[in-house]
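Data block below; observations after.
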Amino acid sequence: MDIQEVSGSPESIRQSPDRYNSLSDSLSSGPFVSRHPVPSRNVGNYLLYDPLQENVLRAANTHSGEELVCKVLPVSRYREVLCSYYCLPPHPNIIEMRDVVVGDAHAYLFFPRSYGNLGVMLQARRLPEDTARYLFRQLVSAVAHCHNNGLVLRDLKLNKFVFKNKERTLLMLESLDDAVIMQEGNTSPYCSPGHGDVSGSLWVCAPATDVWSLGVMLHALLLGCYPVGAGLTQERAVLTSQARCLIRSALHSNPNLRLSASELLTHPWLSTHAQAYTQAHTPDQTVPT
């Protein structure tokens, strides 16, 4: 079977026959989540098997045996999704797309496997500041890298950051599917309500929106809850003054006065301990089970 694999820019992608009709039919007939075993299928050099969620399956490289995750998209949409990946240089805290196989009906995007997401691992528990700092810096580093390369991520949350290793010390942003490319001249792109700050009668999706989400996530890491409701001042009193300052800087009600993601990285709460973040693993920085 002659299936072309992606190399270079999206424009270089060539179409080829898609002979996996049984898999395509199951994917197009509703949510691809079954209570029954799903027959495995080969796509190029990959074996697709257990479904993880709608249109996402476990996969394995039949040559190397590497475990992967495969996202299945309609051919009509995959180029749009790939744009964000192709415009972004590699970063250790952002998932790397390993390969793409394109057929007539579907495109198969392959990514490294992960070991659970940050939201599920926390389960409303607060972390010690040293542990939260170690993890949060990885989140901010990923977001700053995207902003510096013209991407706004939108709808960031703890569940979108997954662990790269079994020890659960290294994080990566699991997807760029919701990202939008900022317009030239640093003009923020428009997006739907719920994904941005109000500017007049329009909703604007700007980097400050992602920074707000970072502030919400930091609050959850440090206090085990989101920044809503009464009693927040008393709860935050258990934190160091630098941690409280960073939360306020990210959650400023005026988006123009929020720190940028790059500025968050230079905040004393993060920057004074930067050397510790280069360590691949230390026992007290593992998210508890």
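The values are calculated or read from the model by the stated rules, or taken from the named source; none is laboratory data. Treat the numbers as computed from the prediction; the structure is a model and nothing was measured. Note: ideal-geometry Cβ built from the backbone for every residue, glycine included; neighbour counts use all protein chains shown.
On the given criteria, is S188 in the same structural domain as T272 (by TED's automatic domain parsing), at pLDDT below 95 and out of contact with any helix residue (DSSP H, G or I) (no Cβ under 7 Å at 6 or more places or on another chain)? For S188, the condition - in the same structural domain as T272 (by TED's automatic domain parsing), at pLDDT below 95 and out of contact with any helix residue (DSSP H, G or I) (no Cβ under 7 Å at 6 or more places or on another chain) - is met.
When L88, L73 are screened for being buried (at least 17 other Cβ atoms within 10 Å of the Cβ), more than 25 Å from Y226 (Cα to Cα) and without any contact (Cβ under 8 Å) to a residue 40 or more places away in the chain, only L73 passes. From the list R137, R126, the lone residue that is in a loop (DSSP other than H, G, I, E, B) and in contact with a helix residue (DSSP H, G or I) (Cβ under 9 Å, 6 or more places away or on another chain) is R126.
Being within 20 Å of A206 (Cα to Cα) and crowded, with 21+ Cβ neighbours inside 10 Å is a property that holds for L173. Of the listed requirements (1) assigned by TED's automatic domain parsing to the domain that holds V180; (2) farther than 17 Å from D178 by Cβ, C70 misses just one: (1).
Residue by residue, here is whether (1) among the hydroxyl-bearing types (S, T, Y); (2) at pLDDT below 55; (3) out of contact with any strand residue (DSSP E or B) (no Cβ under 8 Å at 6 or more places or on another chain); (4) under 29 Å from C87 (Cα atoms) holds:
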| position | (1), (2), (3), (4) |
| --- | --- |
| D197 | no, yes, no, yes |
| T209 | yes, no, no, yes |
| A220 | no, no, yes, no |
| G224 | no, no, yes, no |
| L232 | no, no, yes, no |
| P255 | no, no, no, yes |
